[in-house]
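Visitor: There's a structure below that I have some questions on.
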Amino acid sequence: MSHSAWVRAIAIAAFSLCLGVVVLGAYVRLSDAGLGCPDWPGCYGHLTPAGAAADERTASAPTAGRPLEIGKAWREMLHRYTAGTLGALIICLTALGLAWRRERIVPAWFVTALLAIVLLQGTLGMLTVTRLLKPLFVSLHLLFGFTTLSLLWWLVLTLRQPHRGARSDLPVRGMAGARRLALLGLIAISLQIALGGWTSSNYAATACPDVPTCQGRWWPQADFRAAFMPWQAVRADPQLNYEGGVLDNPARTAIHLSHRFGALVASLALLAAAIAGLRLGGPAAPAALGLLLLLALQLVIGVSMVLRGFPLWLATAHNAGAALLLLATLALNRSLWPRSAPVTLTG
Amino acid sequence: MSQPNVHALAASASWRDYFELTKPRVVALIVLTAVVGTLLAARGLPPLDALIFGNLGIALAAASAAAINHVLDRRIDARMARTRTRPLPTGHLAPAQALAFALLLGVISMVILVAFVNVLTAALTFASLIVYAVVYTVWLKRATPQNIVIGGAAGAAPPVLGWVAVTNHIDPQALLLFLIIFAWTPPHFWALAIARRHDYAKADIPMLPVTHGVEFTRLHVLLYTVLLSVITLLPYMTGMSGLIYLAAAVLLNGRFLWHAIALKFAPRDEQPMRMFRFSITYLMWLFLALLLDHYLPTTLS
């Protein structure tokens, strides 16, 4: 295998694993298993929950006063170990990219940034546990997970075999507009994912048990000021456990409403981007079509979640849908830019 | 439909000509959706008078609207290959005969609905008839490429009419059925309009493929099909229907989307007509699935 084929294979493996880790992470959060192991990096001081369960000290003097729940502990440790494996893969990717930098398979800055983000992501994973699920850390942990996924996806898309034959770089009619709309769509979906993470980490989903109204009203009592004070929880009592959320109901309602309004805005932005891509045709069309179908699916999942009383599998699917929607938006953006920048594939 | 008019000049009106005037296959689909509306409106079997007289009245009104459409469109029909053999362009029936027949059907329909069902059903049915036979045919159809989108409201009314025949008021769930047909009409009709665009151009009707081109229409068909896929999941999402309906809707939507994608990205000459034919199968099975889901044991759902 050529060097570039190795890099490509590792990038594809890391991307696939990363998608699994992201959704598994969401499952851990949504099944309230985030503190399944209240210490870090071990689980009740052991390598596995099985080891912790066999240790009689776990029962007599549990870490942080939390008795071991074996199912939650396994979910949390599975997430940590798969994420650790992903970290190792990305370290390999960065090392190879830097070692073979003369071949210009991937730019050195790209793989260095990827590694830096993964290290930061590991730290945020630790803080999520040790700082007892403060929404700021949980949300940042989600966002950097999505960032890692996005960078790996961009790498996979870019490392695809280059198109044969000369590609004309002449401006296509509608290209500039499509690029603008695709970029706007990317910004919109990113903000909407951040709002979704904020909704989940503040346990605000159930604040509105109905749709399209909330608590039977179009404009229920909502406290937007208290809803978005990310530093407050961090500065407050470090021993305060955030599991289940601490905000009062109007603040949670405000968060939920923001995510709904965001859904409207993001949907319109992505719809515009998808239509622009479909009208442009060529390599943009499949990405635009995928984006359109995933947008429809994600809206269905989002509304169904509320109507069906927030079942765990739908909530997890909502996270997976967000990830896929982000990937489709990135693919659309990628298809609108020439193959040469910013990463080139040689030999 | 009817026999080819080999002896067209014989000009003697038969019951077949009157029958064809009612667009029996379109009316059949309309009545199917209306019957489903009637059946879904009630737990178990709905009152028999609503079921029988309600749907009979709706069917007669639809037939009346179809006959009026034949009269008003007879000049256009004569210019299009698809409609050239209709009873009026061939001279089998005189416009006055057809109009009298339409009025008769309409009056019988109203009498049945007012006498045996309820006034709200009669009023809504009458409104739908006017929207289709007059507003759409006389004005919308020739005025804007959005003709079938707006006029689709008349075609989407039957399940609501069937529903109101039982409940005597308009429920959100009935409007959901309305919404399904409303979103279904554009991809259904535009697939046909792409196939018949030369006919429409010849007859000076501003159908979307004529005014904005085939490519633009294909895009809109695709977008409406995606929208339809979302809307047809609403009955499950709102808890109105269960898993049987969900499974059917997912399968039918997958197939319909496949047709729309093929139309957009791999257009072959026969694809528009194939999609058009499937759109009818689609709506039929979707409504039958609603029905099946309504009557099969709820433990499955």
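Visitor: Taking into account only those residues within the stretch A:185-202 that are more than 13 Å from the chain's Cα centre (by Cα) and of a type outside the set (Ser, Thr, Tyr), which is nearest to A:Leu136 (Cα to Cα)?
Guide: This residue is A:Asn202.
Visitor: Given (1) modelled with pLDDT under 95; (2) surrounded by fewer than 22 Cβ atoms within 10 Å (Cβ to Cβ); (3) in contact with a Ser or Thr (Cβ under 8 Å, 6 or more places away or on another chain), identify the lone condition not met by A:Ala52.
Guide: Result: A:Ala52 fails condition (2) only.
Visitor: Okay, next question. Restricting attention to the stretch B:256-277, report how many residues are among the basic types (Lys, Arg), part of a helix (DSSP H, G or I) and away from chain A (no Cβ under 14 Å).
Guide: To start, the set of residues in the stretch B:256-277 that are among the basic types (Lys, Arg) comprises B:264, B:268, B:274, B:277.
Cutting the leftovers down to part of a helix (DSSP H, G or I) gives us B:264, B:274, B:277.
Then drop every residue that is not away from chain A (no Cβ under 14 Å), which leaves B:274, B:277.
Of the residues in the stretch B:256-277, 2 are among the basic types (Lys, Arg), part of a helix (DSSP H, G or I) and away from chain A (no Cβ under 14 Å).
Visitor: Something else: Within the stretch A:306-315, can you find the residues that are under 20 Å from A:Leu257 (Cα atoms) and either open to solvent by less than 20 Å² (accessible area, probe 1.4 Å) or assigned to a helix (DSSP H, G or I) (or both)? Working first, answer last.
Guide: As a first pass, look at the stretch A:306-315 and keep what is under 20 Å from A:Leu257 (Cα atoms): A:306-311, A:314-315.
If the condition is that a residue be under 20 Å from A:Leu257 (Cα atoms) and either open to solvent by less than 20 Å² (accessible area, probe 1.4 Å) or assigned to a helix (DSSP H, G or I) (or both), then A:Val306, A:Leu307, A:Leu314, A:Ala315 are the ones that fit.
Visitor: What are the residues in the stretch B:208-217 that are surrounded by fewer than 23 Cβ atoms within 10 Å (Cβ to Cβ) and either under 23 Å from the mean Cα position of the chain (by Cα) or more than 11 Å from chain A (Cβ to nearest Cβ) (or both), if any?
Guide: Going through the stretch B:208-217, the residues surrounded by fewer than 23 Cβ atoms within 10 Å (Cβ to Cβ) turn out to be B:210-216.
If the condition is that a residue be surrounded by fewer than 23 Cβ atoms within 10 Å (Cβ to Cβ) and either under 23 Å from the mean Cα position of the chain (by Cα) or more than 11 Å from chain A (Cβ to nearest Cβ) (or both), then B:Val210, B:Thr211, B:His212, B:Gly213, B:Val214 are the ones that fit.
Visitor: Here is a further query. In the stretch A:317-340, is there at least one residue being assigned to a loop (DSSP other than H, G, I, E, B) and open to solvent by less than 10 Å² (accessible area, probe 1.4 Å)? It would help to see each step written out before you state the result.
Guide: To start, the set of residues in the stretch A:317-340 that are assigned to a loop (DSSP other than H, G, I, E, B) comprises A:336-340.
If we keep only those that are open to solvent by less than 10 Å² (accessible area, probe 1.4 Å) as well, we get A:336.
Yes, the stretch A:317-340 contains a residue that is assigned to a loop (DSSP other than H, G, I, E, B) and open to solvent by less than 10 Å² (accessible area, probe 1.4 Å).
Visitor: In the stretch B:168-198, which residues are open to solvent by 40 Å² or more (accessible area, probe 1.4 Å) and part of a helix (DSSP H, G or I)?
Guide: The initial filter retains those residues of the stretch B:168-198 that are open to solvent by 40 Å² or more (accessible area, probe 1.4 Å), namely B:168-170, B:172-173, B:175, B:178-179, B:182, B:189, B:196-198.
Listed by number, the residues that qualify are B:Pro172, B:Gln173, B:Leu175, B:Phe178, B:Leu179, B:Phe182, B:Phe189, B:Arg197, B:His198.
Visitor: Oh, and also: Return the pairs, sorted by first residue and then second, in which the second residue is not in a helix (DSSP H, G or I), the first residue lies in the stretch B:224-241 and is more than 8 Å from chain A (Cβ to nearest Cβ), the beta carbons are less than 6 Å apart, and the residues are 6+ apart or on different chains.
Guide: B:Pro235/B:Ser241
Visitor: Is it fair to say A:Ala11 is open to solvent by less than 50 Å² (accessible area, probe 1.4 Å) and modelled with pLDDT of 95 or more?
Guide: Values: open to solvent by less than 50 Å² (accessible area, probe 1.4 Å): yes; modelled with pLDDT of 95 or more: yes.
Yes.
Visitor: Would you confirm, using the coordinates I've provided, whether B:Val250 is out of contact with any Cys (no Cβ under 6 Å at 6 or more places or on another chain), under 25 Å from A:Val211 (Cβ atoms), surrounded by fewer than 21 Cβ atoms within 10 Å (Cβ to Cβ) and facing chain A (nearest Cβ under 10 Å)?
Guide: Details: out of contact with any Cys (no Cβ under 6 Å at 6 or more places or on another chain): yes; under 25 Å from A:Val211 (Cβ atoms): yes; surrounded by fewer than 21 Cβ atoms within 10 Å (Cβ to Cβ): yes; facing chain A (nearest Cβ under 10 Å): no.
Judged against the criteria, B:Val250 is not a match.
Visitor: Only residues that are polar (S, T, N, Q), open to solvent by less than 10 Å² (accessible area, probe 1.4 Å) and more than 16 Å from the chain's Cα centre (by Cα): list them for the stretch B:121-159, please.
Guide: So the first thing to find is which residues in the stretch B:121-159 are polar (S, T, N, Q), and the list is B:121, B:125, B:128, B:137, B:144, B:146-147.
Of the ones still in play, those that are also open to solvent by less than 10 Å² (accessible area, probe 1.4 Å) are B:121, B:125, B:137, B:147.
Selection gives B:Thr121 alone.
Visitor: Just to be sure I understand, how many residues within the stretch A:282-305 are open to solvent by 10 Å² or more (accessible area, probe 1.4 Å) and more than 9 Å from chain B (Cβ to nearest Cβ)?
Guide: 9
Visitor: Examine the stretch A:79-92 for a residue that is of a type in the set (D, E, K, R) and touching a helix residue (DSSP H, G or I) at 6+ places or on another chain (Cβ under 8 Å), and state whether such a residue exists. So that I can check it myself, show each step before the final result.
Guide: Filtering the stretch A:79-92 for residues of a type in the set (D, E, K, R) gives A:80.
The next check asks that each one be touching a helix residue (DSSP H, G or I) at 6+ places or on another chain (Cβ under 8 Å); those that pass are A:80.
The answer is yes, given that some residue of the stretch A:79-92 is of a type in the set (D, E, K, R) and touching a helix residue (DSSP H, G or I) at 6+ places or on another chain (Cβ under 8 Å).
Visitor: Just one of the numbered conditions (1) within 14 Å of chain A (Cβ to nearest Cβ); (2) touching a residue at least 40 places away in the same chain (Cβ under 8 Å) is not true of B:Ala195; which one?
Guide: That leaves (1) as the condition not met.
Visitor: Still on this model: Please give the helices (runs of 4 or more DSSP H) falling wholly within the stretch B:13-108 in which 1 or more residues are open to solvent by 30 Å² or more (accessible area, probe 1.4 Å) and farther than 24 Å from B:Ser128 by Cα. Please lay out each step first, then the result.
Guide: Details: elements: B:15-21, B:24-40, B:55-72, B:74-79, B:87-90.
Filter on the stretch B:13-108 gives B:15-21, B:74-79, B:87-90.
The values are calculated or read from the model by the stated rules, or taken from the named source; none is laboratory data. Since the model is a prediction, treat every value here as computed from it, not as a measurement. Counting neighbours? That spans all protein chains shown, and the Cβs are built from the backbone with ideal geometry, glycine included. These area figures cover heavy atoms from the full protein model, side chains too; ligands, DNA and RNA do not enter into them. Shrake-Rupley method; radii C 1.70, N 1.55, O 1.52, S 1.80 Å.
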